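Heads up, the thing below is written out as structure tokens.
The values are calculated or read from the model by the stated rules, or taken from the named source; none is laboratory data. What you see is a predicted model; the values in this text were computed from it and never measured. For neighbour counting, all protein chains shown are included, and Cβ atoms are generated from backbone atoms with ideal geometry for every residue, glycine included. What goes into the accessible areas is simple: the full protein's heavy atoms, side chains included, and nothing from ligands, DNA or RNA. Shrake-Rupley method; radii C 1.70, N 1.55, O 1.52, S 1.80 Å.
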Amino acid sequence: MAEQQKQYITPETKEKLEAELQELIDHRPVVAAEINERREEGDLKENAGYDAAREMQDQEEARIKQISEILANATTERGALQEGVAHIGSVVHVYYNGDENNKETFLIGTRAAASDNKDLETYSEQSPLGAAILGAQEGETREYSAPNGKTISVTIISAAPYDSEKAATPRQS
């Protein structure tokens, strides 16, 4: 069985997920007590409070599992990311279809990698755009097919490893 490749997440996202996970784990006894309290009310078939407490438990346990899987399969290490090349974990500044006024800045990675910077979009490396530009160097133009079937060209202005303080600011040429 092939080992799953670790997905990049920002350090801020990792901290946020770890805090949420701990909060959910710490909340388990409260939910269990609520279930026990509602169970003691009697007939479970017509006990809306019991049903609601069990539903809350199911939702929280599902979220614990989801966060645990994200963290188990994620890394904040940028490893061999190099300046000037679009990689997973890179913040990329591009323009589209030869129009240097049609610019965008984004992080390449999974949605779990998304930063807390609301101005910085995250595109999956498996999206048409993300897949097209992986490995592209500054100045290089690549093409991809948009979901509407149109072919779009994208030119890399700059690519740099994610840095929360510089993420949304294009490098000056």
**Study point:** Solvent-accessible area of ARG63 with every protein chain in place, 1.4 Å probe, in Å² to the nearest 10
**Key:** 70 Å²
**Study point:** Shape call, region 12-76: gyration tensor on alpha carbons, a/c limit 1.5
**Key:** prolate
**Study point:** Cα-centre dipole for region 12-147 with unit charges at Cβ (Lys and Arg positive, Asp and Glu negative), debye to 20
**Key:** 320 debye
Revision key, fill the gap. If every Lys and Arg gets +1 and every Asp and Glu gets -1 at its Cβ, then about the Cα centre region 7-75 yields a dipole, in debye to the nearest 20, of 260 debye
